[in-house]
Protein chains: 2
Amino acid sequence: MNVGFIGLGLMGRPMALNLMRAGHSLRVWARRAESMQPLLDAGALACSSAADVARGADVVITIVGDAPDVERVALGPEGIADGAREGLIHIDMSTISPEVTEGIAARLRERGVTMLDAPVSGGEPGAINATLTIMVGGDASAFECAKPLFEAMGKAISHIGGNGAGQVAKACNQIVTGVGVASVAEALNFARASGVDAGAVREVLMGGFAASRILDAHGGRMVKREFRPGFKSWMHQKDMRIVLDEAHRMGLQLPTAAAAAQLFNAMVGSGLGEEDSVAMLKLFERMSGGEG
Amino acid sequence: MNVGFIGLGLMGRPMALNLMRAGHSLRVWARRAESMQPLLDAGALACSSAADVARGADVVITIVGDAPDVERVALGPEGIADGAREGLIHIDMSTISPEVTEGIAARLRERGVTMLDAPVSGGEPGAINATLTIMVGGDASAFECAKPLFEAMGKAISHIGGNGAGQVAKACNQIVTGVGVASVAEALNFARASGVDAGAVREVLMGGFAASRILDAHGGRMVKREFRPGFKSWMHQKDMRIVLDEAHRMGLQLPTAAAAAQLFNAMVGSGLGEEDSVAMLKLFERMSGGEG
């Protein structure tokens, strides 16, 4: 397929490379030209704008920072809609709010572009190893059409529902993982403060109902004190803001998610924003006379 | 072994029966005589008090409600210490506070009794199928001596540390599982309120870092609306009180655990105390115009 790709960051670059490895030809554009280089080296075509990317593409994929970035690249001047042929599929793999996603999808529809929201989970390792979880919202036949692209980038791929449903699933994912990291940090710090070996506690808990990928992977890194990212805390902070904004809009109480969001705020405020979310353990240690 | 068993409730009865099946002879006592009947039918010996249970036993196991019950049965009039021969091992499998456990262990030591704390996780199904997780604190050689008994009742069996360490591990377990149930209920209610199929969200989340036994088992029961216990909410409420009392004593902040504890309070206060902890979903629905 002729695939446009915009957003060649930590996640986007390996995802785009995986698409090329699967035999797709790529058209790329980036505000900072040097971001394109690894893709050009692999044979991608450099474009001069998002509209230029769209001009020769069947599908354009974006994975950028936040809602205003998606809006600008899709609908702004020299954006995707400006260059799109009728029937182009725009797959946005950024994590943004379900509500904003629905709005962008509606405006793109008026201009002949079919939008899918397809946020991912699995972090940089998942992007590199093409093992991402991909949660897709939007038109079912566009999903079928784009499936080979998803399969080149991820492993667990699901069509959840209409426009925005992928973002809703991602929000649910960030609730469960964000709260999960917090609860594991609280528990392991509780063990340490009680004079009990946190590694032994993690191990016995893995044998019962407390078992989770977060306790296994993130808990394991807390015990070994490996705080390099992975998935940076300020990114999870951003995702929790999206979750709580949506909850505010809908009038939903999210008590444990709100507590976790406050902890991510405190991580960023205390200089842990660039470290992995597992560094939340340090936050608890600092508040309880531990190593920190 | 000659094993005494006190506390023939929902958990204790199947645990005691599994000990008999493994070939141990049991001495039992209960305040309500009818609680003993299933054990007597299986060949256990009825005793007239906790002291009487201890008199003929190498090991006495207790699994009762709360700290005052453990204290009474161990150290009260006609309690275990009154009937114990020198070197008796008392295994308390109740969930009580680590601090209280240490105190009881110290007083029993003065009277020649070695205490192990060995709280369990896995609920009634785990008790019936002998698949409990057993977290043990106390003397290492007493642990080795009691191991065949643990193996007749559970699967993941760990010696965590000195007296109270088993209770610390159990507290950590209740933090992670209690907060886990809350976060899954919040996420699945978020999906429903957004008009997205909660079952589809649970399924895609199981493919990524959100995967856990709680999302799988408890999340599955939320989707199918199976609220029968399992593990009653008022029991998890009690365990969260122990956790937060300990945190207060140590000066530890537990933000997500505290939020979860409030939710268990609200479950009990709104008539959901006898239902399984998965009925927390109903609480969120009632607060957001859902089915409830």
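The values are calculated or read from the model by the stated rules, or taken from the named source; none is laboratory data. The structure displayed is predicted, hence computed values, not measured ones. Positions of Cβ are generated from backbone atoms using ideal geometry, with glycine treated the same way; all protein chains shown enter the neighbour counts. For the accessible areas, the whole protein counts, side chains as well, though only heavy atoms, and no ligand, DNA or RNA atoms are used. Shrake-Rupley method; radii C 1.70, N 1.55, O 1.52, S 1.80 Å.
Points to keep in mind about this one:
- Of all residues making up the range B:231-263, the number that are over 14 Å from the mean Cα position of the chain (by Cα) and in a helix (DSSP H, G or I): 16
- Single match in B:Leu40, B:Leu26 (criterion: of a type in the set (A, V, I, L, M), without any contact (Cβ under 8 Å) to a residue 24 or more places away in the chain and farther than 22 Å from B:Ala146 by Cα): B:Leu40
- Within the range A:266-292, residues that are among the hydroxyl-bearing types (Ser, Thr, Tyr) and at pLDDT 95 or above reach partners that are open to solvent by less than 30 Å² (accessible area, probe 1.4 Å) and in a helix (DSSP H, G or I) with beta carbons closer than 6 Å, at six or more positions or on different chains, in the pairs A:Ser277/A:Val181; A:Ser277/A:Ser233; A:Ser277/A:His236.
- Candidate set from the range A:264-280 (those that are part of a helix (DSSP H, G or I) and open to solvent by less than 10 Å² (accessible area, probe 1.4 Å)); member that is nearest to A:Glu186 (Cα to Cα): A:Met280
- Members of the range B:204-234 found to be out of contact with any strand residue (DSSP E or B) (no Cβ under 7 Å at 6 or more places or on another chain), within 17 Å of A:Ser121 (Cβ to Cβ) and of a type outside the set (Gly, Ala, Ser), listed by number: B:Leu205, B:Met206, B:Leu215, B:Asp216
- Taking the range A:185-202 as the range and being touching a residue at least 12 places away in the same chain (Cβ under 8 Å) and over 17 Å from A:Gln237 (Cα atoms) as the test, the residues that pass are A:Glu186, A:Ala187, A:Leu188, A:Asn189, A:Arg192, A:Ala193, A:Ala198, A:Gly199, A:Val201, A:Arg202.
Yes/no matrix, rows are residues, columns are (1) surrounded by fewer than 17 Cβ atoms within 10 Å (Cβ to Cβ); (2) within 14 Å of chain A (Cβ to nearest Cβ):
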site: B:Ala81; (1), (2): no, no
site: B:Arg85; (1), (2): yes, no
site: B:Val100; (1), (2): no, yes
site: B:Pro119; (1), (2): no, yes
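- Residue count for the range B:1-19 satisfying the condition of being in a loop (DSSP other than H, G, I, E, B) and buried (at least 23 other Cβ atoms within 10 Å of the Cβ): 3.
- Condition met for A:Ala106 (farther than 28 Å from B:Val179 by Cβ and within 14 Å of chain B (Cβ to nearest Cβ)): no
- Every residue from the range B:96-114 that is of a type in the set (D, E, K, R) and without any contact (Cβ under 8 Å) to a residue 12 or more places away in the chain: B:Arg109, B:Glu110
Conditions tested, residue by residue: (1) hydroxyl-bearing (Ser, Thr, Tyr); (2) in the same structural domain as B:Ala142 (by TED's automatic domain parsing); (3) open to solvent by 40 Å² or more (accessible area, probe 1.4 Å).
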position: B:Arg21; (1), (2), (3): no, yes, yes
position: B:Ala30; (1), (2), (3): no, yes, no
position: B:Ser35; (1), (2), (3): yes, yes, no
position: B:Asp41; (1), (2), (3): no, yes, yes
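- There is at least one residue in the range B:146-164 that is more than 9 Å from chain A (Cβ to nearest Cβ) and polar (S, T, N, Q).
- Selection count where residues are over 14 Å from the mean Cα position of the chain (by Cα) and open to solvent by 30 Å² or more (accessible area, probe 1.4 Å), scope the range B:61-74: 4
- For the range B:221-249, residues that are open to solvent by less than 10 Å² (accessible area, probe 1.4 Å) and either free of Cβ contacts under 8 Å to residues at least 60 places away in the same chain or within 7 Å of chain A (Cβ to nearest Cβ) (or both) total 3.
- Within the range A:46-60, the only residue that satisfies the criterion of being within 16 Å of A:Arg13 (Cβ to Cβ) and either under 14 Å from the mean Cα position of the chain (by Cα) or open to solvent by 40 Å² or more (accessible area, probe 1.4 Å) (or both) is A:Ala46.
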